[in-house]
Amino acid sequence: MGFPTGETMSKKLRYGCLFSGIGAPLQGAYRVYGKENVEHIFSCEFDKYARQSFQANYEIEEKNFHIDVNDMDGKQYKDKVDIIIGGSHCQDFSIAGLRAGIDGHRGQLIWQYYRIIMEAQPEIFIYENVKGMVSDKGGKTLNDFSHIFRESGYYCHHAVLNTKDYGVPQNRERIYIVGFKDHELYHRFQFAPKIKLEKRLKDVLESDVDEKYYLSEKLIAGFMAHEKNMKAKGNGFAFKPTLGDTCGFAITDPAKNRIDDNYIKVKSATNSGYETATTGDSINLTHPDSKTRRGRVGVGVAQTLDCACNQAVVTERIRKLTPRECLRLQDFPDTFKYEEIVSNSQAYKQAGNSMSVNILEMIFSQIEKAKAQEPTNTLMDFLHD
């Protein structure tokens, strides 16, 4: 993606992370600074299964791997950390949730994040949350969060970034807030421009997948019966898959115009009443009978992974994404270990809750590019940024 590598970095990065999950920020930092140049000062994660995956993949002293952010004392890391990263639990900011916002129990964790930043005083912080935070309470949550940091000496950029705009085929929008103590570095920083997506969902699929991930003939028969019932009512979806013992049907463009094409019509709240999925597309399997949802088909890309990673992919047969594929859609390398460490259901949850490595890589890279620029000397320079 044209980001600088660890070979260009002359200084170590002293790194701390809250709500660390399975360490996506560490993966991004390794790519930009080189693993040998990242000093892992502390992390904090409450979920015991995420902790198991974290400890299987990264080295950290037990005393610096905190469990509960509410009990953590950030003052012990004052002047010992350059950057702190974290994304607190997003349920309260989810558009589909109860919109409890910062008044909700989980939402209060963003203020724990603020407390640790104030106590540890890093030069830079990165905060991530769901896109719904932008509109929460009419934008007041985001404004209040940014304002309290500004009053505390941090200048903040924020943007809604999509994973698919930086090289990875997952349609995942998240807000990222990057705060700087140095106002000149703040003015020199900018998020990288979007890049054309060259990779498609099919490019991250495993070639040899266990039979357990494929829809059973019984389940397929159920879908076909459902199709028949829906057709009689004048709605629903068409389901015409191969069962894998024959060739796939011909694929044409547009697929829906040929009766012998290998396609699926998925019920959706669009004008036509459905969306068409064909080979290499993803299908959101959550709430299949919903009459209000749309955007259920990802054309060549995965949709936003959630805790269940409940998505299917259309190949010659239809199957669920594997945990490894979900990790790839968050841009984790295949060297990341999860098998024989946690169950598949926990691996799905961890992938769905994670930040996207490529986004963190981009932000680290842009920070370094900003550091490398000449300092701004005049007020007019600031005004023209």
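What follows draws every value from the coordinates through simple rules; no lab data is involved. Since we're looking at a predicted model, the values are computed, not measured. Please note: Cβ atoms are built from the backbone with ideal geometry, for glycine as well, and neighbour counts cover all protein chains shown.
On full extension, the segment bounded by GLU119 and SER135 gains 2.9 nm, given 0.36 nm per residue less the C-alpha separation.
A simple spin-label model places pseudo-atoms 7 Å from Cα toward Cβ; at ASP68 and ASN143 they are separated by 3.5 nm. Please give the contour-minus-distance gain from ASN344 to ALA159: 0.36 nm per residue of separation, less the Cα-Cα distance, rounded to one decimal in nm. The ASN344-ALA159 span can extend by a further 63.4 nm. Remark: segment 320-326, residue by residue, has Karplus-estimated 3J(HN,Hα) of 7, 4, 7, x, 4, 5, 5 Hz, where x stands for each Gly or Pro and the curve is 6.51 cos²θ - 1.76 cosθ + 1.60 at θ = phi - 60°. As a rough guide to protection, the peptides 203-213, 142-152, 75-85 ranked by mean Cβ packing within 10 Å, highest first, stand as 75-85, 142-152, 203-213. Quick one: of LYS196/LYS371; LYS199/LYS371; LYS75/LYS194; LYS181/LYS349, which pairs are farther than 32 Å apart, Cα to Cα? The pairs that break the limit, which is 32 Å between Cα atoms, are LYS75/LYS194; LYS181/LYS349. One Cα centroid belongs to segment 122-137, the other to segment 163-215; the line between them spans 16 Å. Phi-derived couplings, Karplus 6.51 cos²θ - 1.76 cosθ + 1.60 at θ = phi - 60°, listed residue by residue for segment 52-57: 4, 5, 4, 5, 6, 10 Hz, with x used for Gly and Pro.
Converting phi to 3J(HN,Hα) with the Karplus coefficients 6.51, -1.76 and 1.60 and the offset θ = phi - 60°, segment 15-30 yields 10, x, 9, 10, 6, 6, x, 9, x, 4, x, 4, 4, x, 5, 4 Hz in sequence order, with x at every glycine or proline. Note on GLU211 and LYS48: the model spin-label points, each 7 Å out from Cα along the C-beta direction, lie 3.5 nm apart. Close amide-amide hydrogen proximity is noted between ARG172 and THR163, LYS164, each under 5 Å apart and 5 or more residues distant or on a separate chain (H modeled in the peptide plane; Pro and chain starts excluded).
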